[in-house]
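I have placed the structure first, in the form of structure tokens, so that the comments after it can refer back to it.
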Amino acid sequence: RTGPSVTLAVSLLPPSSEQLSGGSTTMACLLSGYTPLGAMVSWEVDRTEVKEGFLTTTEEEKGGHYSCSSTLTLSKGRWDEGEVYTCRVAHNNINDLAAFWRSHCSV
């Protein structure tokens, strides 16, 4: 199906305070309301691409739009080593990102 493309909205959810006091952390990058299919998600820690430890799933919404979630799980040690966590999104020749700083998260 062809039609006008719709830019996606990107939001990033940092780990919960319960996770920060545990053995591992999970953060989520959420994309919603975009078309056509084909958004690519990648993760970075301190500007270095993460090659493993994340899972990305895509679902079709009503009206032919799509949503996507990508979760990144890191050990507590790896979390403590990093400062800037970034979710990068490429879709339809548009690049977007969402980031947060570990020092802004509280236990």
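Only Cα pairs under 8 Å and 6+ residues apart enter the sum, and on that basis the relative contact order of the chain stands at 31 percent. Taking label points 7 Å from Cα along the Cα-to-Cβ direction, LEU55 and ASN92 give a separation of 2.9 nm.
Mean residue ellipticity at 222 nm from the helices of the chain, using -39,500 (n - 2.57) per DSSP H segment of n ≥ 4 over the full residue count, to the nearest 500 deg cm²/dmol? Theoretical 222 nm ellipticity from helices: -2000 deg cm²/dmol.
How high is the FRET efficiency from SER75 to MET40, r the C-beta distance, R0 30 Å, rounded to 0.05? In this case the efficiency is close to 0.75. If a/c stays under 1.5 just call it rounded; otherwise compare a/b with b/c (prolate if a/b is bigger, oblate if not). Do that for the stretch 60-107, with a ≥ b ≥ c from the square roots of the Cα gyration tensor eigenvalues. Taking the square roots of the gyration eigenvalues as a ≥ b ≥ c, the stretch 60-107 is prolate. Couplings for the stretch 88-98, taken from phi via the Karplus curve 6.51 cos²θ - 1.76 cosθ + 1.60 with θ = phi - 60°, read 9, 10, 10, 8, 6, 6, 10, 10, 9, 8, 9 Hz in order; Gly and Pro are left as x. Within the chain, the longest run free of exposed loop sites, counting trypsin sites (Lys or Arg not before Pro) that sit outside DSSP helix and strand states (H, G, I, E, B) and have at most 10 other Cβ atoms within 10 Å, spans 52-107.
FYI, it's all coordinate maths here, none of it is from the lab. Remember, predicted model here, so these are calculated numbers, not experimental data. Glycine also receives a Cβ, built like all others from the backbone with ideal geometry; neighbour counts cover every protein chain displayed.
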